[in-house]
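Peer 1: This is the structure, below, for whatever I ask next.
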Amino acid sequence: MQYLRRFWHHPWTTACCNILLLLVLYSAMRIFFYYQFPGLFGGASSDHLHEMLLGGIRFDLTAVLYLSSVYLLMVLLPLPEYVRNSFAYHIVEKLFFFIPNAVGIIANCIDMAYIPFSGRRTTALVFTEFAHDHNAHNIILQGMRDYWFVTLFCILLLVLLWVCYRRPRIPVAINRAVYYSVETAFLLISTYFIVIGIRGGFGRYTRPITISNAMQYVDNPSETSLVLNTPFTIMKSLEPRKFEAPQFFPQGELKYICTPIHDEVEQRRTINVVILILESFATEHIGFYNPDLDDGTYKGFTPNLDAILAQSVTYQHSFASGRKSIDAMPSVLSSLPMILESYITTPYATNDVSSVADVLSHRGYRTAFFHGAPNGSMGFEAYARSAGFESYYGLNEFYSDTHAPHAAYDGTWAIWDEEFLQYYCHKMSSLREPFCTAVFTASSHHPFKVPKRYAGRFPKGQQPLCECIAYSDYALGEFFREAERQPWFDHTLFVITADHTSQLYHEEYLNNAGLFRVPIAFYMPSLLTPRYDTTQMVSQVDIMPSVLGLTGTDEPFFAFGQDALNQPKRHNYALCYNYPDYQIMSPNGMLLFDGEKVTDASPTLSEAEKEDMLRYLKAFAQQYLTRMINNHLTIQESD
């Protein structure tokens, strides 16, 4: 009995208990996450939920062993007993256990609020995405207030972590040789099993566990956010990312399958171009696309946009390239898709790139980009400048030009859409024509507030986002009512799209295609005949070539998309990257490809169509990755 009592307090036993405590807390977070946000996982069966919970322990073990590595070294190192039993040593030991793991728990809880928008676990890219956001602390504090139940749960976990920690105790050894031999053996055996735990397995042919391993426990990619944990995804994405260009086709054949070089000569047409990128305006929220959608929660959130779309060229099948705002900037403005990760956060973000503004500036257009957030936010200002926009107008310029009251700022993200879109409209009236401008709205975003003066005015909907969509739609309507009074309105092309989807809840959209459905519309009543195209597959990368096809060009330009406005697309596909698969869609169905093999395909696709889709997808990926790696994203002499 005495030996059992000693073993129960032995450093090896207490370390195992403390690691087990962490695994229990991570499983509790996973269960809490599932029941607080059940709509994210489509009502998984109890058996499948059990499978995901058990699978998640594998990733939790890797994370907690990483975070506890210094603690484990301290508790297992065979130092003299008087050192290991000292009060000071125990305090340091406990702090090295508590602090890293507390950070991991906090990160995991914060991500519970972020995943419903991003659709996946946060990675190390978050440090790049928000590197220049000076209001990040306000965003976090607002999130803590809005998701108070997550905050309280996080505090409870931290208290349990501190209180339930077990302190080791070493009995005084009689035989020094036996003591050091036994303790060294414990250290070596523990190290072996720690390595197995961190790797996720052991053996000659076992690769270290990584983010993509979560796919073996899920039925669809969106469920990986339940299996994984945030410390794991951050640590794994900190590892150097090596981009390799696939070699599916020889260069001579590649350009005939897919080429980003557009050398068609079009008749010039001098018109202004205005591109509106609407934050989180998923197709699901827009009444024009959902005339028959009535499940008791849909109330029509976009009457102003609906009226514009009825007079536009728009598409039934239109898609975003990614799930984040930083994915949209290169896709919409430069026809650069999100593949593997957002172009802005890759090591190649300093490459030479083109854009619709860059091409038109060579024709004498005045170009400017507008975003009401603090200057530098999300890396938008840097990208706008690298893409050839001559001017950038952000929060600083708004206050400098308008001297507006502080209440024009929403307190978290940016200037309210109503004020900033009015500023945008009037600023364009001061620009020399022809001009090409773009604006990125911000109010339809967490923390889902509308100006106090509009409390109770807009429909709430089933999700908090819906009221904000309705407010931003109102701001958009006011923008167009003011724009119609400007002398440049009749000879201006308006392009309307969204950056990504968010907070989807209708079953029709809770699928791989629905996750990317956003509007794409071209509005110019004086030139374009309204039509609702039900046949073409259009994505954000098609915006740039479509605009340039309408304005006309007399020199080649670089774009991965196709002109969907003036002529039928040669390859009627929409392509995006839905981690960990490439996703290509045709009017008849969808095909998923992981870079090596087809992982899924719609049964409605014929074998011939699947073969053609896969061929085009491979060529597209090879062109993009080869050119990105080699800084070949503009027209060059070799083209």
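Peer 1: Can you name the residue in the stretch 374-386 that is within 21 Å of the chain's Cα centre (by Cα), small (Gly, Ala, Ser) and more than 23 Å from Ser429 (Cβ to Cβ) and, of all such residues, is surrounded by the fewest Cβ atoms within 10 Å (Cβ to Cβ)?
Peer 2: Checking each candidate, the answer is Ala382.
Peer 1: For Ser280, state whether it is under 24 Å from the mean Cα position of the chain (by Cα), open to solvent by 10 Å² or more (accessible area, probe 1.4 Å) and polar (S, T, N, Q).
Peer 2: So Ser280 fails the test.
Peer 1: Being in contact (Cβ under 8 Å) with a residue 60 or more places away in the chain, under 30 Å from Ser334 (Cα atoms) and in contact with a helix residue (DSSP H, G or I) (Cβ under 8 Å, 6 or more places away or on another chain) is the requirement here; does Phe440 meet it?
Peer 2: yes
Peer 1: Of the residues Thr412, Thr402, only one is farther than 30 Å from Ile261 by Cβ, β-branched (Val, Ile, Thr) and either at pLDDT below 90 or touching a Leu at 6+ places or on another chain (Cβ under 7 Å) (or both); which?
Peer 2: Only one candidate passes the filter, namely Thr412.
Peer 1: Mind telling me which of the residues Glu478, Glu419 ends up being modelled with pLDDT of 95 or more, surrounded by fewer than 20 Cβ atoms within 10 Å (Cβ to Cβ) and not small (Gly, Ala, Ser)?
Peer 2: Just a single option satisfies the conditions, and that option is Glu478.
Peer 1: If you take the residues in the stretch 143-166 that are open to solvent by less than 70 Å² (accessible area, probe 1.4 Å) and within 25 Å of the chain's Cα centre (by Cα), which one is modelled with the highest pLDDT?
Peer 2: The residue in question is Cys154.
Peer 1: Examine the stretch 27-35 for a residue that is farther than 30 Å from Ser444 by Cβ, touching a residue at least 40 places away in the same chain (Cβ under 8 Å) and touching a helix residue (DSSP H, G or I) at 6+ places or on another chain (Cβ under 8 Å), and state whether such a residue exists.
Peer 2: There is at least one residue in the stretch 27-35 that is farther than 30 Å from Ser444 by Cβ, touching a residue at least 40 places away in the same chain (Cβ under 8 Å) and touching a helix residue (DSSP H, G or I) at 6+ places or on another chain (Cβ under 8 Å).
Peer 1: If you don't mind, there's one more thing I want to ask. Of the conditions (1) surrounded by 24 or more Cβ atoms within 10 Å (Cβ to Cβ); (2) under 20 Å from Gln540 (Cβ atoms); (3) in contact with a strand residue (DSSP E or B) (Cβ under 9 Å, 6 or more places away or on another chain), Ser342 satisfies every one except a single condition; which number is it?
Peer 2: Result: Ser342 passes all but (3).
Peer 1: So is Ile91 part of a helix (DSSP H, G or I) and closer than 19 Å to Ile140 by Cβ or not?
Peer 2: Taking the combined requirement at face value, the residue does not satisfy it.
Peer 1: Here's another thing I want to ask about it. Can you say whether Tyr579 is within 16 Å of Ile339 (Cβ to Cβ) and open to solvent by 60 Å² or more (accessible area, probe 1.4 Å), as far as the supplied structure shows?
Peer 2: Against the criterion (within 16 Å of Ile339 (Cβ to Cβ) and open to solvent by 60 Å² or more (accessible area, probe 1.4 Å)), Tyr579 qualifies.
Peer 1: Still on this structure: Only one of these conditions is not met by Ala455: (1) open to solvent by less than 30 Å² (accessible area, probe 1.4 Å); (2) farther than 21 Å from His371 by Cα. Which number is it?
Peer 2: In the conditions (1) open to solvent by less than 30 Å² (accessible area, probe 1.4 Å); (2) farther than 21 Å from His371 by Cα, Ala455 misses (1) alone.
Peer 1: Identify, from the list Thr534, Thr501, the residue that is outside any loop (DSSP other than H, G, I, E, B), β-branched (Val, Ile, Thr) and in contact (Cβ under 8 Å) with a residue 60 or more places away in the chain.
Peer 2: Thr534
The values are calculated or read from the model by the stated rules, or taken from the named source; none is laboratory data. Remember, predicted model here, so these are calculated numbers, not experimental data. FYI the Cβ positions are ideal-geometry reconstructions off the backbone, even for glycines, and counts take in every protein chain you see. To get the accessible areas, we keep the full protein, side chains included, count just its heavy atoms, and leave off ligands, DNA and RNA. Shrake-Rupley method; radii C 1.70, N 1.55, O 1.52, S 1.80 Å.
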